[in-house]
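Asks: Please see the structure below; I have some questions.
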Amino acid sequence: MILVMFHVELLIVCLLVRIIFCQEFDVTICPNGLTSSSSGPHWQSSIPKRFEFFAEVSTDAKSVQITQLFHSPKRDAIIFHNFELITQKYYDFQTNEILSIDKNMECTRLEIDKNEGQPIAISQIVKPSILLGFNERNEYNNRFYTRYVGSTTVRGGIAVQQFQSCFYVSEQNLTINATYFLKLSNSNIASDIVQIDVLSKNFSYTYNIIRFISNSTLDITTPSGVFCPNRTITKKIPENFPSRLSLHAEALVPVLNTTSTTIESYDRLIDQVLEFERIDYIGTKNNSLPSSATRMLIDYSVGLSYTYERETQQCTVMNMSVNTHMHTMSQIVFQFGTDNNVIKFQYTGIHECDRDRLQCHRWIGQNEQVNFIQQYEWFWSAKYNQIDLQKFIPIKVNINNINKHDQSKVHQEFNFFNYNSLPNSMQAIDSTLAECYRALGPSHGFNYAILRMTLNNDAKHPVERHLLSLQYRLHLQLAVDLGIRHIRLSSIIIDTIRNSTDNQSKDVYVTFTLLDNPPISKTRLKEPSSLELIKTLALQINRGDFRVRDDDGGYELKARSNSLRTLVLYLLPHENHTAVLNSNITQTMLH
C-alpha cells in the first residue's frame, strides 16, 4: 500500500515537472523538441523594450498588414488591415484590459485576468513580440532561444543568416516553430530581420518585415475622437484651478446650413471669489461684413448679465434665471456648465497637439443626451522639446455633437492662448461695468457718482514713479474700507499736476467713479447704496483714517480732511432721480 502511494505521488511530481519544465509542446511542429540554448553566430540576446514593427503577413489564403507598437512591458498596440477591414487593439497589462476599435471607430473593452496574456494578434497569427522573445504579458521570455542554421538568400537574392527557434506559449497551448532571416551583418540586431516563417498547429504564415524601429519615442494613444465605455481612468483631468483665471481662445465653428466654417475669437476671465465672468467676443458675421465686437459681463451675485457693444457704446442688461448660479471652475472649464460632473473624462495618452515642439496630454469625455452625444476632447501641455512640463496649461479642445439617428457630426475646435492663472480682474472688469452704467443712465435706474479727494503729500513722495501701484492700492483700499466689491469702483485717475492757487502744490488729486446698486436683480447680495457709501467715506476722511501705502515704502499718503468732493451724483428713483453736478454736497449729507 505504501509502495502504491509512493508511485502515485511520484507520478504527480513527474507530471508537474513535465508541465512546468518540459512543457506540453506539439512534437509534430517541433520534432526535435524545444530549442534549449542559443548556438552559432550571435543573436541579439534581448529586443529593446520599445519598438515599432511593420510587416505584411502572408498565408496560403490571404495577406494582412500588421503593425505593433510596443511601448513597454505593460503596454502595446496591434493595428492590422486588409482590403476589407481595419482593426486596432490596445493592450494594457497595468489596467488588465484590451480596447478594440473597429473600422467605424467604435470601441469595446475586454477585461483580462491579471495573470492572463494575449499572444494572438488575429486568428492563429501570434503577435510579433511573441516571435521576438517576449511572453504573453510583454515580459522577456526566459525560455526563448535561437539556433543558427546557416546562410541563404530570400526575396530573390537578399543574403541572410538563418536562425530557428522552437518554443511553447502556454496560455494558448501553442507550439511555435519560427525561422528567422537576418541580413548579413556583424551586429545581428532586430532591425536586420527581414523575414520570419512561422509554423503552428499545422498553420503556416510568413512575416515579411517592412520596417523595424528600435527605442521608438512614439507614445501609444487611442485615435482622436474615440471614446471607450468603461475604460479605466489612469490619469485624472486637471481640477485644481485657481480662484480666478483668464485665457484667449480662437474657435473654428461651422456656419449653419453650409459646409463652410468661420473663426471666432474671445477672451474670457473667470473670478470665483467675485462671482463674476467677463467674455470678450469677436465673431466674423460673413465675408462681406466687418466683425462684431461684444463684451459680456455676468454678475452671478446679483443675477444680472450685461452685454456691451464697444463700437456703438450701447449696453443691454438682462435678469438671469432665478436658478442660475456660479459653477465651480472645473464645471466652467471642463463641464461646460453642467452640474454634478456628468462628463467623465478618460486619459488617452500623450499626443501631438498642433503646436511646434509641443506634445499634450489628452482626455476625452462624453455627455449623452436623448438624441445626440456631446463629445469633448481636451489637450493639455505635457512636453516641450521632449522635456516634461511641470505645469499643465490648456492648449485646445475639440467638441463634437453627434446625432444618434444618422451619426452626422458637427465639429468645433477651440485653441487657447495667453493662459493666465493670476489675472487682474479689477482692470479687466470694472471699467466696462461703469461704461454700461453710463450707457444705460439714470433713466433706467443705473445711478453712479463721480468723486474726488485730495491726498496729502507733504513728505514729497515720488508718486509719479508709482502711479500704477498707487492706482491699484487706492482701488483695493476703497473697496475694503467701504465693504463693497471692487467692481463698483472704476476710472481711478491720479493727478499730480501742481496747483499753486491753493498752496497745495505737493498734493495728489484722485478722481474715481462709484456705481450704485443695480435697480433690477434677484439681490442675493445686498450692499450699501452710493449715498450711504459717500457719507461713510466722508466721515472716514474727516477723521483722518483714510490712508494708502506702498508695501515697498515708495509712498504713504493720507486723505486731507474735508477734501472729498462729489462731482456727479445720480440717486435712486425713490430719491427722485436727484442729479447733482460739480457741487460739494458732502457737508450737506453729513448734517
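What follows is calculated from the coordinates using simple rules that are stated; it is not laboratory data. For clarity, every value in this text was computed on a predicted model and none was experimentally measured. Every residue, glycine as well, gets a Cβ built from its backbone with ideal geometry; the counts of neighbours run over all protein chains shown.
Asks: Net charge around Ile86, counting only other residues with Cβ within less than 13 Å of its Cβ (Lys, Arg = +1; Asp, Glu = -1)?
Replies: Charge balance near Ile86 sits at -1.
Asks: Still on this structure: What FRET efficiency comes out for the pair Leu389/Ser39, r = Cβ-Cβ distance, R0 = 60 Å, nearest 0.05?
Replies: That pair, Leu389 with Ser39, gives E of 0.75.
Asks: Mind sorting Asp26, Asp354 by how few other Cβ atoms lie within 10 Å of their own Cβ, fewest first?
Replies: Asp354, Asp26
Asks: Calculate, for Gln65 and Phe241, the FRET efficiency according to 1/(1 + (r/R0)^6) with r their C-beta to C-beta distance and R0 60 Å; round to the nearest 0.05.
Replies: The pair Gln65/Phe241 has a calculated efficiency of 0.85.
Asks: Convert each backbone phi in the range 469-475 into a coupling constant with the Karplus relation 6.51 cos²θ - 1.76 cosθ + 1.60 (shift: θ = phi - 60°), then list the ³J(HN,Hα) values in order as whole Hz, x for Gly and Pro.
Replies: 5, 5, 4, 5, 5, 4, 4
Asks: Moving to a separate point now. Have a look at Phe372, Leu474, His411 and report the one farthest towards the positive end of the charge dipole of the range 345-485, computed about the Cα centre with Cβ charges (Lys/Arg +1, Asp/Glu -1).
Replies: Farthest towards the positive end: Leu474.
Asks: As I understand it, the dipole of the range 29-214 uses +1 on the Cβ of Lys and Arg and -1 on the Cβ of Asp and Glu, about the Cα centre. Which of Ile125, Val154, Ile79 lies farthest toward its positive end?
Replies: Positive-most Cα among the choices belongs to Val154.
Asks: If neighbour count is taken as other Cβ atoms inside 10 Å, put Asp516, Asp92, Asp406 in order from fewest to most.
Replies: Exposure proxy ranking, most exposed first: Asp406, Asp92, Asp516.
Asks: Ranked highest first by average number of other Cβ atoms within 10 Å, how do 430-437, 99-106, 244-251, 419-426 line up?
Replies: In descending order of packing, they fall as 430-437, 244-251, 419-426, 99-106.
Asks: If the cut-off is a Cα-Cα distance under 27 Å, which lysines reach Lys74, setting aside same-chain residues fewer than 8 apart in sequence?
Replies: Lys49, Lys89, Lys103, Lys114, Lys127, Lys235, Lys236, Lys344, Lys383, Lys391
Asks: So which aspartates and glutamates pass the test for Lys460, namely a Cα distance under 13 Å, with those fewer than 8 places away in the same chain ruled out?
Replies: Those aspartates and glutamates meeting the cut-off are Asp507, Glu556.
Asks: Neighbouring Cβ atoms within 10 Å as the yardstick, rank Thr259, Thr307, Thr35 fewest first.
Replies: So the residues, fewest neighbours to most, are Thr259, Thr307, Thr35.
Asks: Please grab the % of Cα pairs in the range 29-214 that end up more than 26 Å from each other.
Replies: Result: 28 percent of Cα pairs exceed 26 Å.
Asks: Nearest 0.05, what FRET efficiency do Ser100 and Arg438 give at R0 = 35 Å with Cβ-Cβ as r?
Replies: The pair Ser100/Arg438 has a calculated efficiency of 0.05.
Asks: Taking the alpha-carbon distance from Lys396 and a cut-off under 15 Å, which aspartates and glutamates remain once sequence neighbours fewer than 8 residues away in the same chain are dropped?
Replies: Straight-line reach from Lys396, under 15 Å: Glu250, Glu264, Asp267, Glu352, Asp354, Asp356, Glu377, Glu413.
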